[in-house]
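Q: I am attaching a structure below and will ask some questions about it afterwards.
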Amino acid sequence: MFAFDKSVRLRKRVDFLRLATAASKWISPNFIILIGQPGASCLRLGVTVSRKVGNAVIRNRWKRLIREFFRNNLEKFPVSDCNIIVRSSAGALCYTEVCQELANALSRMGQRNNH
């Protein structure tokens, strides 16, 4: 079982700001995915959920759903820093809808970067 420990998290503000300025961006209906430059030594994930999405209970639920997707789909992520931003339009998607949308977005990003 894979734990979401500190080594695979983006934790510092500097890392999030670096991704915001120098990352490739993919915008889907409910998420914005920022992926840093390839060639990093390890894969790290950050999750951003603003207050516009909902109260603390809802924001923490979104973080849990995205972390679970990350744990179950490590092979779909490039080895670099990644930040997934939940948009306010996400509403109350179920886990399967979250998985479908993120998987589609990551596969399209991979295809775009391979060409």
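Q: Could you grab the pairs with beta carbons closer than 6 Å, sequence gap of 6+ or different chains, first residue in the range 69-81 and under 18 Å from residue 95 (Cβ atoms) and part of a helix (DSSP H, G or I), second one open to solvent by less than 50 Å² (accessible area, probe 1.4 Å) and of a type in the set (A, V, I, L, M)?
A: As it stands, the answer is 69/102; 70/45; 76/106, since those pairs meet every condition given.
Q: Mind telling me which of the residues 57, 53 ends up being assigned to a helix (DSSP H, G or I) and either in contact with a Lys or Arg (Cβ under 9 Å, 6 or more places away or on another chain) or more than 19 Å from residue 108 (Cβ to Cβ) (or both)?
A: 57
Q: Counting only residues that are acidic (Asp, Glu) and at pLDDT 90 or above, which one in the range 66-115 is surrounded by the most Cβ atoms within 10 Å (Cβ to Cβ)? It would help to see each step written out before you state the result.
A: Of the residues in the range 66-115, the ones acidic (Asp, Glu) are 68, 75, 81, 97, 101.
Then drop every residue that is not at pLDDT 90 or above, which leaves 68, 81, 97, 101.
On the way: 68: 14, 81: 21, 97: 14, 101: 17.
In this case the residue turns out to be 81.
Q: For the condition out of contact with any Cys (no Cβ under 9 Å at 6 or more places or on another chain) and not in a helix (DSSP H, G or I), what is the one hit in 103, 92?
A: On the way: 103 fails: not in a helix (DSSP H, G or I).
Answer to the check: 92.
Q: Hey, another quick one. List every residue pair whose Cβ atoms sit under 8 Å apart, with the two residues 6 or more apart in sequence or on different chains, where the first one lies in the range 82-102 and is among the charged types (D, E, K, R) and the second, anywhere, is assigned to a loop (DSSP other than H, G, I, E, B).
A: Close Cβ pairs (under 8 Å, with a partner that is assigned to a loop (DSSP other than H, G, I, E, B)) amount to 87/29; 87/30; 87/53; 101/28; 101/29; 101/30; 101/93.
Q: Then there is this: Taking the range 31-50, which residues are touching a Pro at 6+ places or on another chain (Cβ under 8 Å) and either modelled with pLDDT of 95 or more or assigned to a strand (DSSP E or B) (or both)?
A: Scanning the range 31-50 gives a single hit, 35.
Q: I'm told residue 55 meets every condition in (1) open to solvent by 80 Å² or more (accessible area, probe 1.4 Å); (2) among the polar types (S, T, N, Q); (3) modelled with pLDDT under 90 except one. Can you identify the failing condition by its number?
A: (3)
Q: Moving on. Of the conditions (1) open to solvent by 50 Å² or more (accessible area, probe 1.4 Å); (2) touching a Gly at 6+ places or on another chain (Cβ under 9 Å); (3) within 17 Å of residue 10 (Cα to Cα); (4) of a type in the set (Gly, Ala, Ser), residue 50 satisfies every one except a single condition; which number is it?
A: Of everything listed in (1) open to solvent by 50 Å² or more (accessible area, probe 1.4 Å); (2) touching a Gly at 6+ places or on another chain (Cβ under 9 Å); (3) within 17 Å of residue 10 (Cα to Cα); (4) of a type in the set (Gly, Ala, Ser), residue 50 misses just condition (2).
Q: In this structure, does residue 28 turn out to be modelled with pLDDT under 90, more than 11 Å from residue 81 (Cβ to Cβ), of a type in the set (Gly, Ala, Ser) and surrounded by 10 or more Cβ atoms within 10 Å (Cβ to Cβ)?
A: Details: modelled with pLDDT under 90: no; more than 11 Å from residue 81 (Cβ to Cβ): yes; of a type in the set (Gly, Ala, Ser): yes; surrounded by 10 or more Cβ atoms within 10 Å (Cβ to Cβ): yes.
In short, no.
Q: A further question follows. Could you list, in sequence order, the residues of the range 20-30 that are of a type outside the set (Val, Ile, Thr) and assigned to a strand (DSSP E or B)?
A: Those that are of a type outside the set (Val, Ile, Thr) and assigned to a strand (DSSP E or B): 24, 25, 26.
Q: Working only within the range 1-15, note down all residues that are open to solvent by less than 50 Å² (accessible area, probe 1.4 Å) and outside any loop (DSSP other than H, G, I, E, B).
A: 8, 15
The values are calculated or read from the model by the stated rules, or taken from the named source; none is laboratory data. Note that this is a predicted model, so its numbers are computed, not measured. Using ideal geometry, Cβ is built from the backbone for each residue, glycine included, and neighbour counts are taken over all protein chains shown. Areas reflect the complete protein model, heavy atoms only, side chains present, ligands, DNA and RNA absent. Shrake-Rupley method; radii C 1.70, N 1.55, O 1.52, S 1.80 Å.
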